[in-house]
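Notes for the one structure printed next.
Here, each number is a calculation from the coordinates, and none is a lab measurement. All of these numbers come straight from a predicted model, not from anything done at the bench. Glycine gets a Cβ as well: all are built from the backbone with ideal geometry, and neighbour counts include every protein chain shown.
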Amino acid sequence: MPEQNKSKIALWWRNLNVKHSLGLSLILLVLTTVLYFALQPNLFKSGTVSHLLTSNFRTWLPVILVTVGQAIVILGGGLDLSNGAIVSVGNVILALTVTTVDEPGKNILMVLVVIAFGIAAGFLNGFFTAYLGLQPVIITFASSFVYSGLALLLLPSPGGNIPREYTTFYRSTQFLGIPLALIVIVLIALIWTFFRRRKYGQFLFAVGGNDKAAYTTGVPVTWVKISTYVISGFLASLAAISYTLLTGSGLSSSGDDMTLASVTGAVLGGISMSGGAGSVLGAIFGGIVLGNIRNIISTLKLNSWWRTLVNALLIVLVLAGPGLINLLRRKKK
Amino acid sequence: MKSIVLCTENIEKRFGGVIALKDGSIEIRPGEVLALVGSNGSGKSTLTKVITGVLSSDGGTITYHDKPVSYSNPMAAQRAGIMAVYQELSLIPSLTVAQNIWLANEPKTRFGSIDSKTMNAETAKLLTLFEGTFQPSLHPEAYVRDLPLDERQIVEILKAYSRKPEVLILDEATASLDSKQVNCLFDLIQLLKSEDKGLVFVSHRMDEIFRIADRAVILRNGKTVGEVLIADSNEDEIVHLMVGSNVGLTRELGGRMTFSAQESVLIVEDLENEQLNGVSFNIKQGELVGIGGLRGQGQSSLLHTLFGNSHYTGKITLFDETLSFDHPKEAIEHGVALIPGDRATEGLLLLRSIFENFHLPNWAKYCRPLLKMKSAHSDAEEMGKQLNLIMESLDAPVSSLSGGNAQKVVIGKWLLREPKLLLLDDPTKGVDVGTKSEFYKLLVKLQENGTTILFYSSDEQELLDLCERVLVMQDGKVKADLSGDNLTEANLVFHSMGATNNNNHHEESTHA
């Protein structure tokens, strides 16, 4: 009997890896979470765990959102290096305009403006890369400077003041004891699962897998590619909203380190950089792993530059991993 | 005569300055298999791609169900019921067999999501059409990246079939299938025929054309040159139409050298790797040997293997020395030079000057201890003159040259090393006629100076004009070794197509 059980588990694990490329991200998620909790001095005091959960998810939400957007772009065979800059612009717009709770209509309008900006910026990226066939890395890197320039123009020095009511709402809203940020994450995962099982999901993987073959099969390749950038821009605008609610103020460089974080998160989540393989659930896990690493570094009272260093090292390791393993195998032969 | 479901008239297609198709005219009738026949570069694939909307035409009309149509993308053609099985497969490696077959045509559940269960079940049903001809590893949920080429081809065929096309074009669909799989495919074609579908069968294999096709349209140099009923025709007639008026003309032997007395400088025995299945031949000092055959039969791989660029088993003896090159560098040191087919990616630094390109493999010669730029310059100038290179100056970038002149630079850089064995990998592709003839003169001159040359060309005429001997390759083997009176265009085409019952042409085949 245990033999049979074992093979079932092995099969499940294999499926998880081959079908959804989730193996690596799950291992990292468990490892970093255990390490983080082990470092907490008050772990066994009542309330510590639930406090950690709520406070962490609201801090991680912006990065998880941009990571999911990045994952979708990479799945479709592209890369978005401008999502962090889109976050900055959204953050600056909100910090400048949402200053009082007395004008709810105007505030909602400004939120919509931020979302519209994210979608428009994403569409521009998609238009240049997918429609005109230009290099995604170059186009989105260049457009990131346009967007961060815009953010700096709007708000040269840090400032702005989001009404406390709103930040409190973000911090303490719970539904059945589940914090708002976690609900958003679960919603994203559900929406993804919904679309994954539809034509769109199939097309996304096909385009990322081999766009020429997808084109000859009758997949609307250009539109699928453009859509990935639009989704990434949209999620970046949501990240801007949650970031603003988290910090309560505006900073023209607020999204700067989110770009690299989103790529790292996607790669840690098992998204293949060449496109067409991976899962957005993995990207969410990847985003959480990044949050854990950030926490571990701050718990250990290390300098914050360690975070960038570790992020960058992780990305190089994860990307070079398969190549290094192949190299070792060949050497053995 | 049956009605016509789809007909093309005078289709034209140009790629830049190169005309791939001048006058493509075919008529597809329901319940009939039309074979599209032609040698390399005759425009078969281009014509099928125009019909299916992958390429847009530059002229001519397509009539489908009595209405003029023009599809700007494959989606539109598919919706109208025109499907193709492509030579370069349109599969996505990272998706499963079922996902590939049903891509953009997925069955849905009541809730609008993809019905994977039905998809897999339907795929399993489709696979029974090829039952017994593939490994158990081919199942609906297998990933295409894990499948060998023949099984991928089966998936590609089933993908087209599953869309229930009105017109199905099979472009070289049998090239990677074994005989059992071909039988299954032919059963499937018969089934579609009985359902009154229009079928187009593009193949290089004569025997298959005679087995399955009802009519054949022959293309030559992008033009429809003839149409025959298979029942009233024979292999010879088709070969005649393919090669045109100069059929049967043997090359003038005057001035050709005879090499029987000389020693072999290159002996190749049982060369094998992924693309080669046991190639054996030998070449004598100063011989100019052509390699012919259809594209992609292992010719480039053979040249690259001789140049130390890929792994192999077997034995290569060059100048009485058994070789085992691991790297092109070793081949170069032994006096071997390879002139690649794709000059833009494999042969030239386009943005650098002609001078730099000439000397890229040669700097060691001028370096003692400082670079002797003066003598390098005069050597380059000499080479430019010898090649009749039309250029602004040696310092102009290679990208400023025309295609033919750029190709001369690729050749020149190796000639500066004075190679003893020159390997050419389809060097005149996309080169204009004037440059070609200069190029031929150059090769003959080199040969007279004692250089041994192995020359692959996809242009049959070129092989006939230049070479004393031509090795015809098929499926990674040397299918025939033609020389003297046997070296005729008809024979060349005949062996390329894998035809066998040759009565009219004298031939000797080194390989069964």
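Here are the numbers:
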quantity: Table column - 3J(HN,Hα) (Hz), segment B:381-386, Karplus curve with 6.51, -1.76, 1.60, x for Gly and Pro; calculated: 5, 4, 5, x, 5, 4
quantity: Shielding score for A:191-201, defined as the mean number of other chain Cβ atoms within 10 Å; calculated: 3
quantity: For segment B:59-148: relative contact order, % (alpha-carbon pairs under 8 angstrom, 6 or more apart); calculated: 30 percent
quantity: Mean separation of Cα contacts under 8 Å (6+ apart) over length of chain B, as relative contact order %; calculated: 15 percent
quantity: Acute angle (nearest 10 degrees) that the helix B:433-448 long axis makes with the longest principal axis of chain B, alpha-carbon atoms; calculated: 50 degrees
quantity: Distant-in-sequence amide H partners of B:Val33 (H built 1.01 Å from N, under 5 Å); calculated: B:Asp214, B:Arg215
quantity: Euclidean distance between Cα centres, segment B:308-333 to segment B:190-218, Å; calculated: 44 Å
quantity: Residue-averaged 222 nm ellipticity for chain B, from DSSP H runs of 4+ at -39500 (n - 2.57), nearest 500; calculated: -9000 deg cm²/dmol
quantity: Added length on full extension, which subtracts the Cα-Cα distance from 0.36 nm per residue, A:Leu309 to A:Ala142; calculated: 57.8 nm
quantity: Helix axis angle, B:403-415 relative to chain B longest principal axis, alpha carbon, degrees; calculated: 50 degrees
quantity: Cα centre as origin, Lys/Arg/Asp/Glu Cβ charges: chain A dipole, Debye; calculated: 1400 debye
quantity: Ordering of B:275-282, B:124-131 by burial proxy (mean other Cβ atoms within 10 Å per residue, highest first); calculated: B:275-282, B:124-131
quantity: Cross-link pairs beyond the 22 Å C-alpha cut-off, checked among A:Lys212/B:Lys117; B:Lys197/B:Lys223; A:Lys225/B:Lys44; A:Lys199/B:Lys159; calculated: A:Lys212/B:Lys117; B:Lys197/B:Lys223; A:Lys225/B:Lys44
quantity: Pairwise FRET efficiency - B:Asn362 versus B:Thr109, Cβ, R0 = 51 Å, nearest 0.05; calculated: 0.15
quantity: Protection-proxy order for peptides B:176-186, B:132-142, each taking the mean of Cβ atoms within 10 Å per residue, highest first; calculated: B:176-186, B:132-142
quantity: Residues whose placed amide H lies under 5 Å from that of B:Asp23, excluding near-sequence neighbours; calculated: B:Lys223, B:Thr224
quantity: Which of B:Asn277, B:His327, B:Gly314, positive extreme of dipole for segment B:273-337 (C-beta unit charges); calculated: B:Asn277
quantity: Label-point gap, in nm, between A:Leu31 and B:Gln190 - each point 7 angstrom along Cα→Cβ; calculated: 5.9 nm
quantity: Size of segment B:6-245 as Cα extents on the principal axes (Å, biggest first); calculated: 57, 36, 34
quantity: Per-residue mean of C-beta atoms belonging to partner chains within 10 Å, peptide A:212-225; calculated: 6
quantity: Share of Cα-Cα pairs in chain B lying beyond 32 Å, as whole percent; calculated: 50 percent
quantity: Full-stretch length increase - B:His311, B:His334 - with 0.36 nm per residue and alpha-carbon distance subtracted; calculated: 6.5 nm
quantity: Residues A:Leu187 and B:Arg295, FRET efficiency given R0 of 51 Å [Cβ-Cβ distance, rounded to 0.05]; calculated: 0.45
quantity: Mean Cβ count within 10 Å, highest first, over the residues of peptides A:148-158, B:366-376, A:205-215; calculated: A:205-215, A:148-158, B:366-376
quantity: Around B:Gly498: net Lys/Arg minus Asp/Glu count, Cβ-Cβ under 12 Å; calculated: -1
quantity: Per DSSP, loop trypsin sites (Lys or Arg not before Pro) in segment B:1-105 with at most 16 further Cβ within 10 Å; calculated: B:Lys2
